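A short write-up of the structure that comes next.
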Amino acid sequence: MTVETSPPDYIVTDRSGIPENRHGVHAAIVDSTGTLLFSIGDSQRVTLLRSAAKPAQALAILETGCFEHFPELTDADLALACASHSSEGRHVERTRKMLRVVEAGETDLKCGGHASISEWVNREWIRRDYTPTAIDNNCSGKHAGMLAGCRALGADLDGYHLPSHPMQMRVRQVVEDLSGLEGDEVKWGIDGCNLPAPAMPLTNMGRIYATVAAAADAVSKNKSEGEGESEDLKLSLSRTQALSRIFHAMSQYPELVGGECRFCTELMRGYDGALIGKVGADGCYGVAVRASQQTRRIGAVGAIGIAVKIEDGNQAVLYSAVAEILERLQIGTPETREGIRRFHKSDILNTAGVVTGRYSHLFELQRVGA
């Protein structure tokens, strides 16, 4: 009897041509109608979105009216609310500013401190003998946004991170609305930053991202043709505008969403408003791609959403997988994709800088129904 020891779709890393590790890949590519166009591995795999849920969480924050309640808050702050930032000075100082605006303090943050995602920031902290606190957390912008939402709702700041709090109940409803799921169809865990984190099939995660991109398209169309309801999306005009604002905030301020040399930042910089991308911990990624000749060529109606999960949670493999999927779908020009080449075809180096191996993308992008 032969036992299958590796998934059917994977990325392999080798050492001197000898396969060393196989990383299972799952993905769903969905268009703005919610139709699954392509799949890799198990497109129905129930996946914790982790920080890839931030665009949806940001919508719940926006819909409290806090950006109207506090006009000092800007789209740069909205981008930071969507961030898994590198704890660079610009990220920490903007979080402090957000807290001042909403009359909250660092002690109100319930996310805790941790080492920076950025190696050079960590080296600087070590040099200064600095111990990171909650304001340095990569999710501190989202937490500050949640506190702003509480102020606008007239809700207590205390307990804002708990599932029963009015702020989190709004998040829950937004996630259900955007994913097309209801009630217990969305599972919930506790994220690393201490907020509730949704889990759902990759197809539904892809639907969320397709909806965000489609909203950006709808608002652009309405501006050129005159305001009106977003019939294609079946969303209220206000929600469509809010999702479009989130898309544009992330694409306009990619350095706040990630940081120097981060994949999310380099991806959005390179595509210059054509898409947004957001990482989630443990190998999860979402991409929202606006409609174009390229999306139409692959059979999409409107925008597309791409949801990816690496079975063992390897982040470097995740970025390579996302870049490979974009290349196979031919999203963007070769010059555009060149901007993320180092994440895609990265050589594996040893401590002496010698190339010892490489990534091989041994997965199939299956057209659904083909």
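Taken about its Cα centre, segment 161-202 carries a charge dipole of about 160 debye when Lys and Arg each add +1 at the Cβ and Asp and Glu each add -1 at the Cβ. Shown here are the Rg and Dmax of the Cα trace of the chain, at 20.1, 67 Å. Once the mean of 1/r is taken over each pair of separate Cα atoms and inverted, segment 327-370 shows a Kirkwood hydrodynamic radius of 12.9 Å. Once the cut-off is 23 Å, how many percent of the Cα-Cα pairs in segment 1-146 end up in the long-distance tail? The answer is 55 percent, as a whole percent. For the pair LYS187 and GLN44, the difference between a 0.36 nm per residue extended length and the Cα-Cα distance amounts to 50.1 nm.
Report, in debye and to the nearest 20, how large the dipole of the chain comes out about its Cα centre when Lys and Arg carry +1 and Asp and Glu carry -1 on their Cβ.
Numbers: 39 positive and 47 negative charges, 100 e Å.
My answer is approximately 480 debye.
Residues in segment 250-260 carry Karplus couplings, in order, of 5, 6, 7, 10, x, 5, 7, 6, x, x, 4 Hz; the curve used is 6.51 cos²θ - 1.76 cosθ + 1.60 with θ = phi - 60°, and Gly or Pro positions show x.
Backbone phi angles across segment 310-326, fed through the Karplus curve with coefficients 6.51, -1.76 and 1.60 (θ = phi - 60°), yield HN-Hα couplings of 9, 4, 9, x, 6, 6, 4, 5, 4, 5, 4, 5, 4, 4, 5, 5, 4 Hz in residue order; Gly and Pro are listed as x. Taking all protein chains together and rolling a 1.4 Å probe, PHE343 ends up with roughly 30 Å² accessible.
Length, then width, then depth: along the principal axes, the Cα atoms of segment 258-370 run 48, 32, 26 Å. When you restrict to C-alpha pairs under 8 Å that are six or more residues apart and normalise by the size of the chain, the relative contact order lands at 25 percent. Annotation: amide H of GLY113 within the under-5 Å range of ALA134, sequence separation 5 or more or interchain, hydrogens built in the peptide plane. 3J(HN,Hα) along segment 174-183: 4, 4, 5, 4, 6, 7, x, 10, 9, x Hz, from the Karplus curve 6.51 cos²θ - 1.76 cosθ + 1.60 with θ = phi - 60°, whole Hz, x for Gly and Pro.
Give the peptides 254-262, 47-55 in descending order of average Cβ contacts within 10 Å, highest first.
Numbers: 254-262: 22.2, 47-55: 26.1.
Sorting 254-262, 47-55 by mean packing, highest first, produces 47-55, 254-262.
MET268 contributes an accessible area of around 0 Å² to the protein surface, as traced by a 1.4 Å probe with all chains present. Geometric descriptor of segment 133-279, per residue, is 130 Å³ (volume of the convex hull of the Cα atoms).
Isolated cysteines in the chain, defined as those with no second cysteine Cβ under 4.7 Å, comprise CYS66, CYS82, CYS150, CYS261, CYS264, CYS284.
Around the amide H of THR47, modelled in the peptide plane, lie the amide H atoms of MET200, LEU202, all under 5 Å away and 5 or more residues distant in sequence or on another chain.
What dipole magnitude, in Debye to the nearest 20, does segment 244-297 give about its Cα centre under +1 on Lys/Arg Cβ and -1 on Asp/Glu Cβ?
Numbers: 7 positive and 5 negative charges, 72 e Å.
In total the dipole reaches around 340 debye.
Amide H contacts of GLY357 (H built 1.01 Å from N, in plane; Pro and chain starts excluded): SER16, ILE348 sit under 5 Å, all sequence-distant by 5 or more or on other chains. The Cα atoms of segment 97-186 cover 49, 30, 17 Å along the three principal axes, with the biggest extent listed first. Note on surface exposure: THR336, THR33 rank THR33, THR336 by accessible area, highest first, 1.4 Å probe.
Percentage of Cα-Cα pair distances in segment 299-344 greater than 14 Å, rounded to whole percent? Please report the intermediate quantities before stating the final value.
Details: 549 of 1035 pairs.
Of all Cα-Cα distances in segment 299-344, 53 percent exceed 14 Å.
The values are calculated or read from the model by the stated rules, or taken from the named source; none is laboratory data. Source: prediction; values computed, not measured. No Cβ is skipped: glycine too gets one built from the backbone with ideal geometry, and neighbour counts run over all protein chains shown. Areas reflect the complete protein model, heavy atoms only, side chains present, ligands, DNA and RNA absent. Shrake-Rupley method; radii C 1.70, N 1.55, O 1.52, S 1.80 Å.
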